[in-house]
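The numbers here are math on the coordinates, done by the rules we state, and not lab data. Quick caveat: nothing in here was measured; it's all calculated off a predicted structure. So basically every Cβ, Gly included, is an ideal-geometry build from the backbone, and we count neighbours across all protein chains shown.
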Amino acid sequence: MNTPASITTHVLDTAQGLPATGLRVRLERQCPDGTWQALAERDTDADGRARELLPAGVELELGTYRLTFETGAYLSRGGGPVFYPEAAVTFVVLEMRHHHIPLLLSPFGFSTYRGS
């Protein structure tokens, strides 16, 4: 099966043991001059997923990308403390394939990895 080149994410609230629903995620691509170009903003769905972050008509290119998760807004809605108001994950697309970037979130920590 040939999976299209894309970027997706899945955010899990490890303190609650639930998907992080309604968490805003911003996708940017680094330009050759080092500045960042905004590509899209999405809210995670009921399963904590942003299933396709590239907007319609925008194709994945090789280069450096950044996902910024607005963790502070999400955590404050739940009444919890906010230590990290955002989590930024910068990654490099080295090949044209599906890139899944999950985030595991708690009030005082987060981690990420290259998913599948």
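The table below gives the values:
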| read-out | value |
| --- | --- |
| Lys, Arg +1 and Asp, Glu -1 on Cβ, resulting dipole of the chain about Cα centre, debye, nearest 20 | 160 |
| GNM result for the chain, Cα springs below 10 Å: residue of 35, 64, 21 fluctuating most strongly | 35 |
| Cα gyration tensor shape of the chain, rounded if a/c is under 1.5, else prolate or oblate by comparing a/b with b/c | prolate |
| Ellipticity estimate at 222 nm from DSSP helix runs (n ≥ 4, -39,500 (n - 2.57)) divided over the chain, nearest 500 | -1500 deg cm²/dmol |
| Value of relative contact order over the chain, rounded to a whole percent, pairs C-alpha under 8 Å and six or more apart | 31 |
| Leading residue at positive end of dipole, the chain (Cβ point charges), from 44, 78, 89 | 78 |
